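Contents: one structure, followed by commentary.
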Amino acid sequence: MTWEIIILIITGIAALIIQMVYFLLDDRNENHTKKDRRLKLWWHAAAGAIHIWMGYAVGRIAHDWHTGFLMGSLTWMVFDGAINTWVLHREWWYIGDTAQIDIAQRWVAGILHIEHRAFSATLKIATLAYSILLLIPNVI
């Protein structure tokens, strides 16, 4: 067993535990408080780590980082959209105000004077398109 496998196992388990612990704690606490913001920060960060972990693992399994990047871009668009639509009952491109990536997207959209959902949709679609373009030479 290599160090990379050991690190992948430890980081994957740790990210899953942190995400679920803070998600459940958040679920059991009052919203819109200082504690709520802190809990959301931790579980969103751990969830982001899980997404990165999955992209890295898929890239390593495929022996091609391009495949991992495709996994990451698909996860960002499809996972977020599915949760927004099916769980939060919002539109596919909904942007919250608790996850750091959502806060960053709102901030950049504000600077650019672009509606934040349109900015997020454009960013996610561009990331997916770029990941596909990078993968094409490896598939042909």
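Between L39, L123, L112, which gets the highest mean-square fluctuation from a Gaussian network model of the chain, Cα cutoff 10 Å?
Maximum fluctuation in the GNM of the chain, among the listed residues, is at L112.
Go ahead and run the numbers for FRET between V21 and R60, Cβ-Cβ distance against an R0 of 25 Å, rounding to 0.05.
Efficiency for this residue pair is about 0.40.
Using r as the Cβ-Cβ distance of H32 and I125, and R0 as 22 Å, what FRET efficiency do you calculate, to the nearest 0.05?
So the FRET efficiency works out to roughly 0.10.
What is the pair-distance distribution P(r) of the chain, computed from all Cα-Cα distances in 5 Å bins starting at 0, with each bin given as a whole percent?
2, 10, 14, 19, 19, 16, 11, 6, 2, 1, 0
Normalised by the residues of the chain, what does the relative contact order come to in percent, with Cα pairs under 8 Å and at least six apart?
Values: 125 pairs, mean separation 26.2, N = 140.
The normalised contact order for the chain reaches 19 percent.
Okay, helix-only estimate at 222 nm for the chain: each DSSP H run of n ≥ 4 adds -39500 (n - 2.57), divide by all residues, round to 500 deg cm²/dmol; what do you get?
On the way: 5 runs with 101 residues, N = 140.
Helix-only estimate at 222 nm: -25000 deg cm²/dmol.
Quick one: if you stick a label point 7 Å off each Cα along the C-beta vector at N138 and T11, how many nm between them?
For the pair N138/T11, the computed spacing is 1.7 nm.
Would you kindly state how much longer the chain becomes between I114 and M1 on full extension, computed as 0.36 nm times their sequence separation minus their alpha carbon distance, in nm to one decimal?
Residue separation times 0.36 nm, minus the Cα-Cα distance, leaves 35.8 nm.
What does the charge count near K124 come to, summing +1 for each Lys or Arg and -1 for each Asp or Glu among other residues with Cβ under 14 Å from its Cβ?
-2
Using the Karplus curve 6.51 cos²θ - 1.76 cosθ + 1.60 with θ = phi - 60°, work out ³J(HN,Hα) for each residue of region 77-87 in order, rounded to whole Hz, and write x for Gly and Pro.
Karplus values, whole Hz, x for Gly and Pro: 7, 6, 4, 4, x, 5, 5, 4, 7, 7, 9.
Please compute the net charge surrounding A99, taking Lys and Arg as +1 and Asp and Glu as -1 over other residues with Cβ under 15 Å from its Cβ.
My count for the surroundings of A99 gives +2.
Return the single residue from I103, I13, I111 with maximal mean-square fluctuation; model: Gaussian network over the chain, springs between Cα atoms under 10 Å.
Greatest mean-square fluctuation among the candidates belongs to I111.
Every number in this text was worked out from the coordinates using simple rules, so none of it is lab data. Keep in mind that what you see is a predicted model, and the values were worked out from it rather than measured. Neighbour counts are summed over all protein chains in view; Cβ atoms, including those assigned to glycine, are modelled from backbone coordinates with ideal geometry.
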